[in-house]
Every structure is written in C-alpha cells, then in structure tokens.
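Asker: Can you read through this structure? Questions will come right after.
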Amino acid sequence: MTIWDRLEEKQAQVSGRTILSLFNGGRAGVFSARMGDLLFDYSKTNIDAETLDLLLKLAADADVFGRRDAMFAGEKINETEGRAVLHTALRNLEGTPVYVDGKDVMPDILATLGRMEAFSTAVRNGTFTGQGGAITDVVNIGIGGSDLGPQMTTLALAPYHDGPRAHFVSNIDGAHIADTLKGLNPETTLVIVASKTFTTIETMTNAKTARDWMAQTVADPAAQFVAVSSAIGKAAEFGIPADRVFGFGDYVGGRYSVWGPIGLSLMLAIGPDNFRDFLHGGAAMDTHFRTAAPAQNMPLLLALVGIWHHQICGYKTRAVLPYDQRLTHLPAYFQQLEMESNGKSVTMDGQPLTRPSGPVVWGKPGTNGQHAFYQLIHQGTDVVPCEFLIAAKGFEPDLAHQHDLLLANCLAQSEALMKGRSLEVARDLMAAKGFTGAELERQARHHVFPGNRPTTTLIYPELTPNTLGRIIAIYEHRVFVEGVILGINSFDQWGVELGKELAVALTPLIKGEESVEGKDGSTRMLVEYILKSS
Ligand code: F6P
C-alpha cells in the first residue's frame with residue numbers, strides 16, 4: 001500500500017467527522033506553525049495527527065528535502081529547459097556563493113542590485129530627470145510575472161510609497177495603455193519595459209506605443225526608457241542604452257522575478273531601503289524553509305494542506321482571501337504562481353500524472369467577497385478550501401475601529417465555515433421569526449449551513465515589506481513542494497505557447513490579408529463577423 005493509498009483510506013475514514021469535533025484541547029497549538037511573528041493556523045481543517053504524519057511521509061518519500069537543497073545549490077532542477085531555479089539568489093543579500101555551471105552568480109546579482117539602487121535614488125531625489133524635470137510618473141510595461149509581481153507588491157506596500165506615482169500596463173488591448181498614458185506628462189514620465197525574454201508581443205507592442213507617444217513631445221524618448229530583462233542584447237536593439245538596462249539570469253522564472261530587476265518599479269516607489277527589507281523577508285523564509293523541522297515548516301505545511309484538500313479530498317479549487325484591500329492583486333499573483341507552475345499533465349519524465357495536477361486558484365479581498373461569492377463557499381455543493389490572510393494592525397491609526405471590523409469579519413468567516421448551522425438551529429430561528437408548519441420547514445432548509453468547510457489563516461502584526469517578502473516566499477516554496485510531490489516540473493510553462501502561435505497565424509486573417517480557408521467553421525464565422533464589422 002502506497003502512502004497515497006493510506007491517505008485515501010484515511011480520508012474515507014474521517015470524511016464523516018466534523019472539524020469542530022477535533023478541538024478537544026491543544027489542537028490550535030499543534031496544528032499551527034510560527035515563523036518569527038507570522039502565525040499559520042491550519043487547525044480548522046480535517047487534518048489530524050495521523051494524517052499529518054502520512055503527509056509528512058509523503059513529502060519525505062518524494063525527496064522534497066533533497067530537491068529543495070538541489071534548488072538552493074543551483075542544480076538544474078528545471079529539467080525541461082535545462083535551467084537552475086534561483087530566484088532565491090536574488091534575495092541572498094549576504095552574498096554567500098551560489099554556483100551555476102561552476103560560476104558564482106552572486107557578484108553579478110549584487111552588482112545589478114547596486115545599480116538599481118543608484119538609479120532609483122537618482123530618480124527619487126531628482127538627480128535623474130525627464131526632459132521636462134523630475135520624474136513624476138513611472139509606467140511599468142510588462143505582462144504575467146513581469147507585471148503581477150511589481151503591481152501586486154507596489155499596491156501592497158502603499159503606506160511605504162514615497163516615490164513617483166506608479167502605473168502598470170500589461171494588456172495588448174490598446175485601451176489599457178491609452179487609458180494609462182492619458183493625463184501623464186511625457187516630459188516627466190519614466191517607462192520601464194519589463195520582460196524576461198524581451199519578445200513578448202504584448203509588452204513589445206505596448207513599449208513601441210509608449211515610445212511613439214513620448215516621441216510626440218520629447219526630443220529623445222529613449223532617454224526616459226529603462227529595460228529589465230534577461231535578454232540584454234534585445235533591449236539594446238530597442239534603443240535603450242546599456243546603463244539603463246538591468247539584467248538577470250535565465251535561472252529566474254518570470255513568476256518568481258519580482259525580487260530582482262523586475263521589481264524596479266517597486267523599488268522606485270518605496271525606495272531601496274524598504275526594497276532591501278522586502279528581500280530580507282524573502283531570504284528569512286528561505287532559511288526557515290531550509291532549516292525548520294518539518295512539522296513547523298510553514299511552506300511545507302501549507303503545501304501538505306493543499307495536497308490533502310485537492311489531491312486527496314478532491315476539492316477542485318482553492319480561494320485566496322486576503323482581508324486587506326492593498327492585497328487586491330495577491331490572488332491573481334498566487335494564481336499565476338500556482339497554475340502556471342503546477343497546471344501540468346505529465347511528470348518530469350513525460351509520463352501522465354496519476355493524480356490531479358495543481359488546483360484552480362482564485363479569490364478577492366475580504367470583506368468585498370463576502371457580499372459577492374461567499375454564498376457559494378458557505379452553501380454551495382462544492383467545498384472550497386479558503387486561505388485567509390490578515391494583519392492584526394492596519395496602517396491608519398485613526399481608522400483602527402474599521403480594522404477591528406475587518407478582523408472580526410475574517411475570523412467570523414472561518415468560524416462560520418467550520419461550524420455551519422444545523423437544521424435544528426435553523427428551525428428554531430425560523431420559529432422565532434414566526435414561521436410555522438410546512439413553511440417553517442421550507443424556510444429552515446434555506447438557512448442551513450453544512451459547515452465543516454476547511455480554512456487556514458495566516459496572520460501577522462502588520463504588512464511591512466519584510467512580512468510581504470516572507471509571505472510571497474512561503475507561497476513560492478509551497479508551490480515547489482506540491483510540484484515535487486506530484487513529480488511535476490514547476491518551472492516551465494509550455495502550456496502558454498500554442499495560443500501564442502495561433503494568435504500570430506490569425507493576425508493576417510483578422511486584417512483580411514489572408515484567407516480563412518482551412519480554419520474550423522467556428523473560427524471562420526468569427527473572423528468573417530469581424531471583417532464585416534470593422
Ligand atoms: O506567456 C507566459 C509568460 O512567459 C509568463 O511565464 C511570463 O511571466 C510572461 O509570459 C511574461 O514573459 P516576459 O517577462 O518574457 O515578457
């Protein structure tokens with residue numbers, strides 16, 4: 001019997017019991033983990049000591065710790081692309097050597113960080129200017145990991161924002177760049193072209209549009225452009241001089257790249273010191289992941305909770321629910337991290353997966369979601385494990401009473417999801433409202449909450465740069481652990497390629513330059529509709 005079989009057997013045994021029944025003394029302390037001032041509570045799940053033990057064995061059996069050490073050591077664990085996986089090196093501020101192909105990558109990483117800091121300081125103190133004076137606005141043009149990371153973190157750390165205004169353009173839809181540039185002064189705007197490959201059609205197209213927009217007003221548009229990329233040569237072809245190109249190695253995946261040059265827009269917004277605190281946070285979580293005992297290892301535990309819910313219990317999706325308006329983009333960021341990393345059907349050696357791949361990840365900040373989709377989470381037929389995140393303290397001392405309400409709502413949701421409301425209680429409630437007989441029974445059934453719905457809560461004193469760094473690193477390592485357990489390569493993304501290829505082939509058809517012959521009936525009909533309408 002494999003560990004997977006034993007976990008399935010265990011799930012069959014315990015599926016009928018309530019999570020609440022597990023709370024018979026000391027559970028919260030055991031089924032939680034602390035890292036510094038972070039507290040991760042997974043006691044409101046149906047995991048008991050035996051399940052945890054099996055899950056930890058599953059991780060050990062998959063050689064999670066060996067793969068972890070190989071990752072940090074710079075081994076080429078991204079086997080399909082023949083690359084090391086070293087976003088962790090970007091936050092290795094101590095500079096301890098990390099070797100790729102026998103070369104220590106740390107001197108280059110730290111030198112680039114130093115250049116980013118010098119440039120950011122010059123922009124922020126007005127030494128580096130636009131052609132009409134000090135830089136007032138920064139537009140980051142990128143997509144996927146070259147957008148979600150900087151955009152998410154810049155909003156998350158808004159209380160630390162004392163640099164120029166930050167804007168983010170990603171979509172190929174011209175509306176995005178048109179709406180963003182409208183109202184900006186080209187003479188005081190800095191454009192960052194952020195693309196690991198410097199070939200992504202959305203980013204290259206938007207970058208040209210921004211350059212044309214700037215050229216209408218300023219004599220030398222390239223002087224207000226910066227490139228961040230691992231394809232330094234291509235940035236030069238775009239006309240951006242080498243001193244404003246910030247490079248990084250191909251061992252940094254797009255969705256893991258916010259820690260390096262792709263984070264330049266964040267550094268411009270919050271300043272180099274705060275950016276360093278952010279890196280320190282990520283590095284502290286790396287140390288925790290490498291050294292904490294398995295039963296206290298936060299990324300490992302979060303991964304095992306995820307495996308239990310998705311692969312064993314069969315819950316199809318997982319919701320990320322930050323109770324923090326400034327973490328509005330966090331669910332989308334984690335969505336890319338998880339779904340682009342672990343949304344695969346074959347194992348590293350090309351064999352079909354025997355278990356489901358990673359789950360669908362989605363979410364929105366609370367409390368807004370409560371008034372929209374929580375209905376299904378509470379009473380729908382699908383169980384959606386929820387991952388809550390919240391700070392004990394907000395940044396607005398005058399509005400502390402509002403933060404209290406935010407906290408109360410967050411805790412109320414996990415309590416309600418666990419406890420639910422029985423038919424008996426619902427009947428009493430309806431009777432108190434004056435219902436009787438068949439109508440009481442009918443109404444009562446609408447007011448039943450099945451409960452027993454699993455949640456986790458990650459809580460921290462406040463959302464500082466260091467804390468945000470730690471949170472992101474928890475989730476990065478969580479995705480890594482899940483990938484190792486499933487035998488997936490979490491660091492390629494071949495699934496995005498086919499659509500890109502077909503889009504290139506379809507463009508001349510949309511322009512009417514090539515015939516739709518050979519296309520399927522649906523695509524032909526849609527192209528013909530477009531041609532008639534445009
Ligand atoms: O198409 C997917 C993807 O390659 C992501 O992995 C990446 O974050 C995004 O596109 C942007 O890529 P680039 O930074 O190379 O422009």
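Asker: Being in a strand (DSSP E or B) and of a type outside the set (Val, Ile, Thr) is the filter here, so list the residues in the range 331-366 that pass it.
Answerer: Within the range 331-366, 352, 362 qualify.
Asker: What's the total number of residues in the range 485-499 that are within 13 Å of the ligand (Cβ to nearest atom), small (Gly, Ala, Ser) and open to solvent by less than 60 Å² (accessible area, probe 1.4 Å)?
Answerer: Residues in the range 485-499 being within 13 Å of the ligand (Cβ to nearest atom), small (Gly, Ala, Ser) and open to solvent by less than 60 Å² (accessible area, probe 1.4 Å): 2 in total.
Asker: Turning to a different aspect of this structure: When the range 256-283 is examined, which residues are found to be part of a helix (DSSP H, G or I), open to solvent by less than 10 Å² (accessible area, probe 1.4 Å) and either over 23 Å from residue 197 (Cα atoms) or not hydrophobic (A, V, I, L, M, F, W, C) (or both)?
Answerer: Of everything in the range 256-283, those that are part of a helix (DSSP H, G or I), open to solvent by less than 10 Å² (accessible area, probe 1.4 Å) and either over 23 Å from residue 197 (Cα atoms) or not hydrophobic (A, V, I, L, M, F, W, C) (or both) turn out to be 256, 261, 263, 265, 269, 270, 275, 278, 279, 281, 282.
Asker: Looking at 393, 433, 364, can you tell me which residue is touching a Leu at 6+ places or on another chain (Cβ under 8 Å) and either at pLDDT 95 or above or over 20 Å from residue 44 (Cβ atoms) (or both)? Before the answer, list the steps.
Answerer: Numbers: 393 fails: touching a Leu at 6+ places or on another chain (Cβ under 8 Å); 433 fails: touching a Leu at 6+ places or on another chain (Cβ under 8 Å).
After applying the criteria, what remains is 364.
Asker: Next up: For residue 214, work out the one condition from (1) of a type in the set (A, V, I, L, M, F, W, C); (2) part of a helix (DSSP H, G or I); (3) in contact (Cβ under 8 Å) with a residue 60 or more places away in the chain it doesn't fulfil.
Answerer: Among (1) of a type in the set (A, V, I, L, M, F, W, C); (2) part of a helix (DSSP H, G or I); (3) in contact (Cβ under 8 Å) with a residue 60 or more places away in the chain, residue 214 violates only (3).
Asker: So, in the range 239-254, exactly how many residues are away from the ligand (no atom under 12 Å from the Cβ), of a type in the set (A, V, I, L, M, F, W, C) and in contact (Cβ under 8 Å) with a residue 12 or more places away in the chain?
Answerer: 3
Asker: Follow-up. Here are some residues: 411, 440, 407. Which one is open to solvent by 50 Å² or more (accessible area, probe 1.4 Å), part of a helix (DSSP H, G or I) and among the hydrophobic types (A, V, I, L, M, F, W, C)?
Answerer: Among 411, 440, 407, only 411 is open to solvent by 50 Å² or more (accessible area, probe 1.4 Å), part of a helix (DSSP H, G or I) and among the hydrophobic types (A, V, I, L, M, F, W, C).
Asker: Further, regarding this structure: Looking at (1) within 16 Å of the ligand (Cβ to nearest atom); (2) over 13 Å from the mean Cα position of the chain (by Cα); (3) hydrophobic (A, V, I, L, M, F, W, C), find the lone condition where residue 305 falls short.
Answerer: Only one criterion is unmet by residue 305, namely (1).
Asker: For the subset of the range 109-128 comprising residues that are within 23 Å of residue 187 (Cα to Cα), assigned to a helix (DSSP H, G or I) and without any contact (Cβ under 8 Å) to a residue 24 or more places away in the chain, which member is farthest from the ligand (Cβ to nearest atom)?
Answerer: It comes out as 125.
Asker: Filtering the range 154-169 down to residues that are farther than 23 Å from residue 200 by Cβ and not in a loop (DSSP other than H, G, I, E, B), which residue is farthest from the ligand (Cβ to nearest atom)?
Answerer: Filtering first and then ranking leaves 159.
Asker: Please pick out the residue among 323, 374 that is more than 16 Å from the ligand (Cβ to nearest atom), farther than 26 Å from residue 15 by Cα and open to solvent by less than 30 Å² (accessible area, probe 1.4 Å).
Answerer: Details: 374 fails: farther than 26 Å from residue 15 by Cα.
From the options 323, 374, the qualifying one is 323.
Asker: Select from the range 1-44 the residues that are under 24 Å from the mean Cα position of the chain (by Cα) and polar (S, T, N, Q) and write down the one among them that is nearest to residue 291 (Cα to Cα).
Answerer: My answer is 32.
Asker: So for the range 191-208 (the condition being more than 15 Å from the ligand (Cβ to nearest atom), polar (S, T, N, Q) and under 20 Å from residue 176 (Cβ atoms)), does at least one residue qualify?
Answerer: Looking for residues that are more than 15 Å from the ligand (Cβ to nearest atom), polar (S, T, N, Q) and under 20 Å from residue 176 (Cβ atoms), one finds none in the range 191-208, hence no.
Asker: Okay, moving on. Residue by residue through the range 129-153, note down the ones that are within 20 Å of residue 326 (Cβ to Cβ), within 13 Å of the ligand (Cβ to nearest atom) and assigned to a strand (DSSP E or B).
Answerer: Answer for the range 129-153, where residues must be within 20 Å of residue 326 (Cβ to Cβ), within 13 Å of the ligand (Cβ to nearest atom) and assigned to a strand (DSSP E or B): just 140.
Asker: Does at least one position in the range 224-237 carry a residue that is assigned to a helix (DSSP H, G or I), among the hydrophobic types (A, V, I, L, M, F, W, C), within 16 Å of the ligand (Cβ to nearest atom) and crowded, with 23+ Cβ neighbours inside 10 Å?
Answerer: The answer is yes; a qualifying residue exists.
Asker: Hey, another quick one. In the range 121-158, which residues are crowded, with 24+ Cβ neighbours inside 10 Å and of a type in the set (Gly, Ala, Ser)?
Answerer: Scanning the range 121-158 gives 142, 145, 146, 149, 156.
Asker: Something else: On the given criteria, is residue 96 without any contact (Cβ under 8 Å) to a residue 12 or more places away in the chain, at negative phi, out of contact with any strand residue (DSSP E or B) (no Cβ under 6 Å at 6 or more places or on another chain) and surrounded by fewer than 18 Cβ atoms within 10 Å (Cβ to Cβ)?
Answerer: yes
Asker: Still on this structure, please answer the following. Conditions: (1) at pLDDT 95 or above; (2) within 15 Å of the ligand (Cβ to nearest atom); (3) of a type outside the set (A, V, I, L, M, F, W, C). Residue 212 meets all but one. Number of the miss?
Answerer: The failed condition is (2).
Asker: Only one of 59, 49 is under 19 Å from residue 481 (Cα atoms) and either open to solvent by 60 Å² or more (accessible area, probe 1.4 Å) or modelled with pLDDT of 95 or more (or both). Can you tell me which? If you could, list the steps in order and put the result at the bottom.
Answerer: Details: 49 fails: under 19 Å from residue 481 (Cα atoms).
Unique residue meeting the criteria: 59.
Asker: Taking the range 500-519 only, how many residues are within 16 Å of the ligand (Cβ to nearest atom) and more than 19 Å from residue 172 (Cβ to Cβ)?
Answerer: At the first step, the residues of the range 500-519 found to be within 16 Å of the ligand (Cβ to nearest atom) are 500-504.
Now restrict to residues that are more than 19 Å from residue 172 (Cβ to Cβ): none.
Of the residues in that region, 0 qualify.
Asker: Taking the range 255-302 only, how many residues are among the β-branched types (Val, Ile, Thr) and more than 16 Å from the ligand (Cβ to nearest atom)?
Answerer: 3
The values are calculated or read from the model by the stated rules, or taken from the named source; none is laboratory data. Only a predicted model underlies this, so the values are computations on that prediction, with no experimental measurement involved. Cβ coordinates were reconstructed from backbone atoms using ideal geometry, including for glycine residues, and neighbour counts include every protein chain displayed. SASA here: full protein model, heavy atoms, side chains in, ligands and nucleic acids out. Shrake-Rupley method; radii C 1.70, N 1.55, O 1.52, S 1.80 Å.
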